[in-house]
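The values are calculated or read from the model by the stated rules, or taken from the named source; none is laboratory data. Keep in mind the model is a prediction, meaning the values are calculated, not measured. When we count neighbours, we look across all protein chains shown, and the Cβ atoms used for this are built from the backbone with ideal geometry, even at glycine.
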Amino acid sequence: MEQLILKNITAGYPGKSNIISGINAGPFKPGVITALVGPNAAGKSTLLRSMAGLLKAQGEMQWNQKNILHLSLREKAALISYMPQYLPQDIELNAIESLISALKASSFDQISVRLPEARKKAFDVLEQMDLVELAMEPLNQLSGGQRQMISLAQAIIREPAILLLDEPTSALDLQHQVAVMQLVKEYAAKGKIVMMVLHDINLATRWSDELLVLHKGKIAAHGKPNEILNASLLASVYNVNAIVETLQSGQIQVHVESLIK
Ligand SMILES: Nc1ncnc2c1ncn2[C@@H]1O[C@H](COP(=O)(O)OP(=O)(O)O)[C@@H](O)[C@H]1O
Ligand SMILES: [Mg+2]
């Protein structure tokens with residue numbers, strides 16, 4: 001079975017070499033949504049950017065027994081899509097053009113993506129996401145939330161086996177947050193691996209199968225929300241007093257009461 005395993009992943013920046021260090025996690029399995037959570041500056045974006053190949057990292061990212069950590073961006077694009085936390089503002093393409101170019105980025109042989117097919121696929125994705133009215137809008141004239149939706153469309157149009165999303169709901173209103181979470185759930189149900197950074201711990205417990213908790217560049221916990229979330233974990237990772245409640249539905253709800261002094 002296809003699965004993804006992280007072995008001893010270490011990455012950082014000039015002068016800050018071990019922002020994340022010795023990350024061992026997995027296996028991440030098809031159909032499973034993992035929410036990557038943790039305090040500001042824990043290294044969540046650094047981990048996703050390392051996995052996406054945008055940041056040089058040491059270690060292994062095993063996909064079907066093969067280390068894919070050091071594949072070229074083009075080779076990686078056939079397997080992995082990454083949606084960044086901060087979206088570029090200065091893009092003059094319109095939404096459809098941006099989707100067509102996202103589609104081409106994953107093709108080894110660019111000519112093999114024929115324009116009529118690419119355009120149809122781009123419109124199909126917009127339709128699926130209820131965004132058709134944005135098709136001809138230049139990206140630099142969209143609202144932050146609209147741009148975030150188009151950015152998600154760019155990430156899923158390639159239908160990668162591994163989808164990495166960095167705070168995909170940060171600019172979205174409640175309705176669009178739920179729409180995006182539902183879309184992510186449907187995407188995972190096609191047998192895809194999804195890892196997404198979420199700040200809202202209750203959104204994370206509601207919509208993911210597993211939580212991967214990062215703290216100071218290391219994994220503090222990994223597992224099903226009801227197996228790993230408790231007051232002592234939230235105290236040590238977030239420095240807050242919290243109550244973890246199990247609702248009748250089995251859903252986990254976190255109530256944050258106060259800071260630990
Ligand atoms: N481009 C960068 N150059 C130098 N340091 C960075 C850069 N990006 C992030 N960092 C540092 O790495 C640490 C982790 O950042 P990040 O992975 O963005 O955290 P998170 O996504 O969990 O909030 C922070 O201390 C941050 O200052
Ligand atoms: Mg981040």
(request) Look through I23, I9, I68 and report the one residue that is touching a Leu at 6+ places or on another chain (Cβ under 6 Å) and buried (at least 18 other Cβ atoms within 10 Å of the Cβ). (result) I23
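Kindly indicate which of Y86, Y13 is outside the structural domain of R119 (by TED's automatic domain parsing), closer than 27 Å to V240 by Cβ and either within 16 Å of ligand 2 (Cβ to nearest atom) or touching a Cys at 6+ places or on another chain (Cβ under 7 Å) (or both).
The match here is Y86.
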(request) Just name the residue that is farthest from K218 (Cα to Cα) out of those in segment 30-49 that are more than 16 Å from ligand 2 (Cβ to nearest atom) and among the aliphatic types (A, V, I, L, M). (result) V32
(request) With the condition kept exactly as written, say whether any residue in segment 1-8 is part of a strand (DSSP E or B), in contact with an Asp or Glu (Cβ under 9 Å, 6 or more places away or on another chain) and closer than 30 Å to V254 by Cβ. (result) yes
(request) Output the residues belonging to segment 81-95 that are surrounded by fewer than 20 Cβ atoms within 10 Å (Cβ to Cβ) and more than 14 Å from the chain's Cα centre (by Cα). (result) P88, Q89, D90, I91, E92, L93, N94
(message) Checking the condition within 16 Å of ligand 2 (Cβ to nearest atom) and either aromatic (F, W, Y) or in contact (Cβ under 8 Å) with a residue 24 or more places away in the chain (or both), which residue from A105, A95, A77, A52 passes?
(response) A52
(request) Mind listing whichever residues of segment 131-170 are more than 16 Å from ligand 2 (Cβ to nearest atom), part of a strand (DSSP E or B) and modelled with pLDDT of 95 or more? (result) I162, L163
(request) Assess whether V213 counts as being under 16 Å from the mean Cα position of the chain (by Cα), touching a residue at least 40 places away in the same chain (Cβ under 8 Å) and either assigned to a loop (DSSP other than H, G, I, E, B) or within 16 Å of ligand 2 (Cβ to nearest atom) (or both). (result) yes
(request) Scan N64, N18 and give me the residue that is in the same structural domain as R206 (by TED's automatic domain parsing), within 15 Å of ligand 1 (Cβ to nearest atom), polar (S, T, N, Q) and more than 30 Å from L126 (Cβ to Cβ). (result) N18
(request) Of the conditions (1) within 23 Å of L47 (Cβ to Cβ); (2) buried (at least 16 other Cβ atoms within 10 Å of the Cβ); (3) among the basic types (K, R), R147 clears all except one; give me its number. (result) (1)
(request) Could you look through segment 164-189, keep only residues that are away from ligand 1 (no atom under 16 Å from the Cβ) and touching a residue at least 40 places away in the same chain (Cβ under 8 Å), and pick out the one that is nearest to the chain's Cα centre (by Cα)? (result) V184
(message) Here is a list: L4, L36. Which entry is crowded, with 19+ Cβ neighbours inside 10 Å and more than 16 Å from ligand 1 (Cβ to nearest atom)?
(response) L4
(request) Search segment 174-215 for residues being surrounded by 16 or more Cβ atoms within 10 Å (Cβ to Cβ) and either among the small types (G, A, S) or assigned by TED's automatic domain parsing to the domain that holds D124 (or both), and hand back the single one that is farthest from I20 (Cα to Cα). (result) A179
